[in-house]
Amino acid sequence: MFFAIVWLQPLIRGLEPVLAAASGVAGAVASLGVYRLLSSAFLWLFGNSLVLRRLILGKSFLEGTWIGHYMHEEEHRFTIEFVDQASGTTVIHGREFDSAGKTRASWASDTVSIDIERMHLVYAYTCKVFVRKHVQEGLGVFTLVRESSEKAPTKLDGYAVDLIDGDRDPNTEYKICDEPLPDEESLAEARKRFNVTE
């Protein structure tokens, strides 16, 4: 675009003022069209290329399947979360399973904040616990743990707290894959990771 302006500038100076103004408007419209085309192409590439997202997001790259575990009254509870960053925002979908592999709850994030300097992940969520008749809202508050200062986090250590009862459910999660995995595979990996037998 710059070279077109430099090349066309001497020609435009020789035109009548009305034609020069019209060519300026046409140039602005063409620039806007080229910008829009390039930005749409980039957003499409970002949304369809996991490698590109990993490269651009760097230390903020959390996308993938995460498995977690905590104890609730002597019972093992497992969490499986999928973090999706393909749209340019971070969305977290999760489910909780009992020790038999039965789904107890599901949730989705409403807002997500990733603070790489302080190594914090905080998100508000809406949760459906299947043994309750009402929907619960809460917060997930986690410390991001990474293997080196140059890599993206592979561990989350923190808790989820429902706003209704205020009880904190401590949870440690590990990233096991950059892509979504089937429940059976994720649960098997969680049992192995946290040394829990069926």
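Since every read-out is calculated from the coordinates, none of them should be taken as a lab result. Remember, it's a predicted structure, so these values are computed and weren't measured experimentally. Because the Cβ atoms are built from the backbone with ideal geometry, glycine has one as well, and the counts that use them run over all protein chains shown.
So what's the back-of-envelope 222 nm ellipticity for the chain, counting only DSSP H runs of four-plus at -39500 (n - 2.57) apiece and dividing by all residues, rounded to 500?
-10500 deg cm²/dmol, from helical runs alone.
Would you give the gap between the C-alpha center of the range 147-174 and the C-alpha center of the range 79-138, rounded to a whole Å?
Cα centroid of the range 147-174 versus Cα centroid of the range 79-138: 11 Å apart.
Any chance you could run the full-extension gain for ALA41 through ARG146? It's 0.36 nm times the residue separation minus the Cα-Cα distance, nm to one decimal.
Length difference between fully extended and current span is 34.6 nm.
Beta carbons within 10 angstrom, averaged per residue: use that to sort the peptides 32-42, 63-73, highest first.
Descending mean neighbour count gives 63-73, 32-42.
Which of the chymotrypsin sites (Phe, Trp or Tyr not before Pro) found in the range 130-168 are loop residues per DSSP with 12 or fewer other Cβ atoms within 10 Å of their Cβ?
The qualifying sites are PHE130.
Using DSSP to call loops (not H, G, I, E or B), can you name the trypsin sites (Lys or Arg not before Pro) in the range 118-165 whose Cβ has at most 10 other Cβ atoms within 10 angstrom?
ARG118, LYS133
Going by a ≥ b ≥ c, the root eigenvalues of the Cα gyration tensor, does the range 130-188 fall in the rounded group (a/c under 1.5), the prolate group (a/b larger than b/c) or the oblate group?
Oblate, since a/c reaches 1.5 and b/c is not below a/b.
Under a cut-off of 20 Å between alpha-carbon atoms, report the lysines in cross-link reach of LYS59, not counting same-chain residues fewer than 8 places apart.
LYS151, LYS155, LYS175
What is the range 86-198 by shape, rounded, prolate or oblate, if you read a ≥ b ≥ c off the alpha carbon gyration tensor as root eigenvalues and call it rounded for a/c under 1.5, prolate for a/b larger than b/c, and oblate otherwise?
Note, shape of the range 86-198 comes out oblate.
Taking R0 as 25 Å, what FRET efficiency do you get between ASP162 and SER87 from their Cβ-Cβ distance, rounded to the nearest 0.05?
Rounded to the nearest 0.05, the efficiency is 0.40.
Averaging over every viewing direction, what projected area does the convex hull of the Cα atoms of the chain cover, in nm²?
16.3 nm²
Report, in debye and to the nearest 20, how large the dipole of the chain comes out about its Cα centre when Lys and Arg carry +1 and Asp and Glu carry -1 on their Cβ.
Taking the Cα centre of the chain as origin, the dipole is about 760 debye.
Once both axes come from the Cα atoms, what is the angle between helix 183-193 and the longest principal axis of the chain, in degrees from 0 to 90, rounded to 10?
In the chain, helix 183-193 runs at an angle near 60 degrees to the longest axis.
State, as an integer percentage, the relative contact order of the chain based on alpha-carbon contacts under 8 Å between residues 6 or more apart.
The value is 17 percent.
In a Gaussian network model over the chain where Cα atoms closer than 10 Å are linked, find which of VAL122, VAL83, VAL131 has the largest mean-square fluctuation.
Largest GNM mean-square fluctuation: VAL131.
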